[in-house]
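**Q** To start, I am sharing the structure in question, which I have written as structure tokens.
Just so it is clear, none of the values below were taken in a lab; they were calculated from the coordinates. Predicted model, so just to flag it, every value in this text is computed and none were measured. Ideal geometry is used to build each Cβ from the backbone, glycine not excepted, and the neighbour counts take in all protein chains shown.
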Amino acid sequence: MSQNQTKKILVLGNEAAALGAIHAGISGVYAYPGTPSTEVTEYIQGHPLAARRQIKSTWCTNEKTAMETALGLSYTGKRALVVMKHVGLNVAADAFVNSAMTGANGGLVVMVCDDPSMHSSQNEQDSRFYSKFAMVPTVEPSSQQEAYDIIKHAFDLSERVGLPVLLRMTTRLAHSRAAITTSDVRDENDFHFPENPQQWILLPAISRKRYKKLVDLQFELGIESRKSLFNQYINGSDKHMGVIACGIAYNYLMESYPDGCPYPVYKISQYPLDRTVLATMTSEVDKVLVLEDGQPFVEEQLVGIMDTPITVLGRLTGTLPRTGELTPDNVLAAFGLETAPHLDEASHIANRPPALCTGCGHFDMYSDLNEVLTQYPSAKVFSDIGCYTLGALPPLRAIDSCVDMGASITMARGAADGGLHPSVAVIGDSTFTHSGMTGLLDAINVNANMTVIISDNLTTAMTGGQPSAGTNKFEAICQGLGLDAAHLHVVVPLPKNREEIKRIMKQEIDYHGLSVIIPRRECIQQLVRNKKQQPTTKNQ
Amino acid sequence: MKLDIILCGVGGQGILSIATIIGDAAMAQGLYIKQAEVHGMSQRGGDVHSDLRISSQPIASDLIAKGQADVIISLEPMEALRYLPMLSLDGWIITAAAPFVNIPDYPDMKEIDSQLAQLSQVIRIDVTAIAKEHQIPRCTNIILLGAAQEALGMDYTQLEMSIRTIFARKGESVVAMNLRALALGREYAKHHQTRK
């Protein structure tokens, strides 16, 4: 039984997708927090209907466990949502690519938020390459309303073609609010097993058959793109040029031409690319301008590596900047249109980079470490992803690397293998359980000559204070992995403990082998949030 | 009508609560809105801004184009200047007067003040001092909103109603303090605006 409830609400793009997923009848959302994707899961966690339906929404340890758990839920016929930031898809890639091989039973949507311009990320990889690689459909909404509508469509599509569907969003839509109108609320799926249980056992003999089927399905996916209401061909009178506008790029196009675009426009919100419509456009126009946020995904496919009979303009030709997100200004410029008259940049404007908060435990930890390491000129500190990456900036300048989740421990071990001493790893509590534990096991197994600092602030701080999977378990985890208890220390990073902490750090750096030091003190932001929440709890 | 607003300041200063009130007021009047926010790393004391767009017609872009902002509302004077190229030539800047210094190379305040003074339509308001004087220390952002009310051209009664709606769950005394803050801001702006 479905119920009708139509009302207008003001939501972020992420929240619109989250609400669409609830209304599409999901039974679980699995995710690891990461900007710009975090609000999707948080919205579901706080939604009354999700609570009533007992939709599973506890944070996962990392994106791979999230992806696999969602696949398991889909196996039982239920609808499952997985959410992550773009680099999270690298972590989940094994499961994601192979989920195209097993296929989906209950609708499976993998929502990935890309971060062009790297507002809060270490690269600007474009997730559309992943879905093409895995050969699954992609949807890419252009607005908050479309985010709500398209995720419902994506679940239906996933069940119709028996594949996971990737929903790609970029930062600007993820974090922008607009009013949306909601539509039908669908029930959850009943428990039912896959039609073909063999398909889920990816033994080579089965995989080869299944892979052929996946390849054959591509034709059908193209037809799905052609029929999709989210892709639109809008004819224009000026055939000098055709415009392809993907996802949110469509909005910048409309902003450039408030009275309507004179050129034929192909608005793309569903992939794989439909060759037929593209062929129609290219036969009618002299050249094509491709507007897409992120990397030149469509542009490269149109251009190929040989000469094409038609000129394709975009990021590769410099018509749009090769890097960074689209803006109304760079899209205007791509059309040769003038920006409105405006003042020059003000002088004397200083950069204001983010910084560790006043009173942050990471700051004390780095201050102590910096002081100790002044005695070791060859020391290097391999750090990781989280608030504590800000230790790279002045005044601390405390770290030498930040690459990907977990890389601190493994890189420190590799450098120790290469003869570096002291080789120090600094990793946060949530990042440690996300991807640091396996690397620590490697290091323990060879008793690598290195020092690991697990800077534990009892939360996933950078993304706004989600629970951290390993809280209260770190000593047990380290010892369970085989760490010698004599080289495991827990300290409280406060100025008053400075001398003791420095003594322990020095002692363990001088020890020839592996040590773990856990400075533990609650995140200052989290402390404030907890205090704010307490009176509310009392009132309830 | 269209009204493009840039709200800016330093992460943690509370620009989003101003946006929430303006947004609620616009929604209540049946207008379209789009509001792009900054979440994530910059919220840790970095520069933050939010593009708030209001219109009687559907809005395409989530971001404001250069030279299109009608009003810049800033909780920090240098941050107000950071977005100068976004401001329309007849736009307004409403900014808190006191600098938020959390960087070692914060420019000389005389430079900031003189650049602001050269602009045609500016209101500089010491929201911290006003809040302190009237014992409403947590309402600085609403004082700033009050100072921006006329430049925004938004209905004062509607803003009051939105304040009631949004602060309702925090209790009547919080609502009253914020209504007071709104009035103080508006009163200040009446007597202290620069218009050349």
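**Q** Inverting the mean 1/r over all pairs of different Cα atoms, compute the Kirkwood radius of segment A:92-151 and quote it in Å.
**A** 13.1
**Q** What share of Cα pairs, in percent, lie more than 21 angstrom apart in segment A:440-540?
**A** More than 21 Å apart: 45 percent of the Cα pairs in segment A:440-540.
**Q** As an exercise, use a Förster radius of 35 Å and the Cβ-Cβ distance of A:ASP184 and A:ILE305 to find the FRET efficiency, rounded to the nearest 0.05.
**A** The pair A:ASP184/A:ILE305 has a calculated efficiency of 0.15.
**Q** Oh, and also: Quick check: convex hull over the Cα atoms of segment A:232-334, volume per residue in Å³, rounded to an integer?
**A** Considering the Cα atoms of segment A:232-334, their hull volume per residue is 92 Å³.
**Q** Can you tell me the length gained on complete extension of the stretch A:ASP484 to A:HIS348, counting 0.36 nm per residue apart and subtracting the Cα distance?
**A** 43.5 nm
**Q** Any idea how far apart A:HIS240 and A:VAL446 come out in nm if each label point goes 7 Å out from Cα toward Cβ?
**A** The modelled label-to-label distance comes out at 6.2 nm.
**Q** Another question, then. When all alpha-carbon pairs of segment A:299-413 are counted, what percent fall beyond 16 Å?
**A** 75
**Q** So if I take the centroid of the Cα atoms in segment A:105-129 and the same for segment A:217-255, what is the distance between those two points in Å?
**A** So the two Cα centres are separated by 21 Å.
**Q** Right, here's the next one. Take B:GLU150 and A:THR358, extend 7 Å from each Cα along the Cα→Cβ direction, and tell me the distance between the two endpoints in nm.
**A** So the two model labels end up 3.5 nm from each other.
**Q** Rounded, prolate or oblate: which fits segment A:175-243 when a ≥ b ≥ c are the square roots of the eigenvalues of the alpha-carbon gyration tensor, with rounded for a/c under 1.5 and prolate only if a/b beats b/c?
**A** Taking the square roots of the gyration eigenvalues as a ≥ b ≥ c, segment A:175-243 is oblate.
**Q** Could you pull the Cα extents of segment B:1-115 along its three principal axes, largest to smallest, in whole Å?
**A** 44, 31, 20
**Q** Then there is this: Any idea what log10 I(q)/I(0) is at q = 0.12 Å⁻¹ for the protein assembly as shown, Debye with uniform C-alpha scatterers and no solvent?
**A** -1.46
**Q** Leaving out same-chain residues fewer than 8 places away, which lysines sit with a Cα under 28 Å from that of A:LYS473?
**A** A:LYS56, A:LYS64, A:LYS85, A:LYS380, A:LYS496, A:LYS502, A:LYS506, A:LYS531, A:LYS532
**Q** Bin all alpha-carbon pair distances of segment B:22-64 at 5 Å intervals from 0 and give each bin's fraction as a whole percent.
**A** Using 5 Å bins, I get a P(r) of 5, 23, 23, 19, 14, 9, 6, 0 for segment B:22-64.
**Q** Still on this structure: Of the peptides B:37-44, B:53-60, how do they stack up when ordered by the mean number of other Cβ atoms within 10 Å, highest first?
**A** B:37-44, B:53-60
**Q** Another question, if that's okay. Once R0 is set to 22 Å, what does the formula 1/(1 + (r/R0)^6) return for the Cβ-Cβ distance between A:LYS287 and A:LYS132, expressed as a FRET efficiency to the nearest 0.05?
**A** 0.35
**Q** Using only the Cα atoms of segment A:64-198, build the gyration tensor, take square roots of its eigenvalues as a ≥ b ≥ c, and label the shape rounded, prolate or oblate: rounded if a/c is under 1.5, else prolate if a/b is larger than b/c, else oblate.
**A** oblate
**Q** Between segment B:144-159 and segment A:395-419, what is the separation of their alpha carbon centroids in Å?
**A** Centre-to-centre distance over Cα atoms comes out at 52 Å.
**Q** Here is a further query. Run the reach check for A:LYS212 against lysines, Cα to Cα strictly under 25 Å, same-chain hits fewer than 8 apart removed. What comes back?
**A** Cα-Cα hits under 25 Å: A:LYS132, A:LYS227.
**Q** Moving on. With +1 on the Cβ of every Lys and Arg and -1 on the Cβ of every Asp and Glu, and nothing else charged, how large is the dipole of segment A:8-227 about its Cα centre, in debye rounded to the nearest 20?
**A** For this selection, approximately 340 debye.
**Q** Could you grab the Rg to Rh ratio for segment A:361-526? Cα atoms only, Kirkwood for Rh.
**A** Here Rg/Rh amounts to 0.92.
**Q** What residues have an amide H closer than 5 Å to that of B:ILE72, excluding those fewer than 5 places away on the same chain, when H is modeled at 1.01 Å from N in the peptide plane?
**A** The list, which skips near neighbours in sequence, is B:ILE6, B:TRP92, B:ILE93, B:ILE94.
**Q** Another question about this same structure. Give me the percent of DSSP beta bridges within segment A:232-334 that run antiparallel, rounded to the nearest 5.
**A** Beta bridges within segment A:232-334, antiparallel portion: roughly 20 percent.
**Q** Normalise the Cα radius of gyration of segment B:99-187 by 2.2 N^0.38 Å (N = residues in it) and let me know the number.
**A** Dividing the Cα Rg of segment B:99-187 by 2.2 N^0.38 Å gives 1.25.
**Q** In which sequence would A:MET118, B:MET1, A:MET306, B:MET27 go, from the one with the fewest C-beta neighbours within 10 Å to the one with the most?
**A** Ranking A:MET118, B:MET1, A:MET306, B:MET27 by Cβ neighbours within 10 Å, fewest first, gives A:MET306, B:MET1, A:MET118, B:MET27.
**Q** Select from B:GLN118, B:GLN35, B:GLN68 the residue whose mean-square fluctuation is largest in a Gaussian network model of chain B (Cα-Cα springs shorter than 10 Å).
**A** Per the Cα network of chain B with a 10 Å cutoff, B:GLN118 tops the list.
**Q** Only helices at least 30 Å long along their own axis, judged from Cα atoms, and with Kyte-Doolittle mean hydropathy of -1.0 or greater: name those in chain A from DSSP H.
**A** Membrane-span-like by this criterion, though nothing is claimed about a membrane: A:204-227.
**Q** What's the long-distance tail for segment B:2-195, i.e. % of Cα pairs beyond 28 Å?
**A** Every Cα pair in segment B:2-195 considered, those over 28 Å come to 19 percent.
**Q** Continuing with the same structure: Report the residue, chosen from B:ILE166, B:ILE22, B:ILE72, that carries the largest GNM mean-square fluctuation when chain B is represented by alpha-carbon nodes joined by springs under 10 Å.
**A** The residue that fluctuates most here is B:ILE166.
**Q** Here's a follow-up. Give the percent of DSSP beta bridges with both residues in segment A:446-520 that are antiparallel, rounded to the nearest 5.
**A** 10
**Q** How long are the three semi-axes of the equivalent ellipsoid for segment A:64-115, computed from the Cα gyration tensor as the root of 5 times each eigenvalue, in whole Å, largest first?
**A** 18, 11, 8
**Q** Oh, and also: Could you give the distance between the Cα centres of segment A:8-70 and segment A:157-177, to the whole Å?
**A** Using only Cα atoms to place each centre, the spacing works out to 13 Å.
**Q** Where a ≥ b ≥ c are the square roots of the eigenvalues of the C-alpha gyration tensor, would you call segment A:129-219 rounded, which needs a/c under 1.5, or, failing that, prolate if a/b is larger than b/c, or oblate?
**A** oblate
**Q** Okay, next question. So for segment B:2-195: antiparallel DSSP bridges make up what percent, rounded to the nearest 5?
**A** 55
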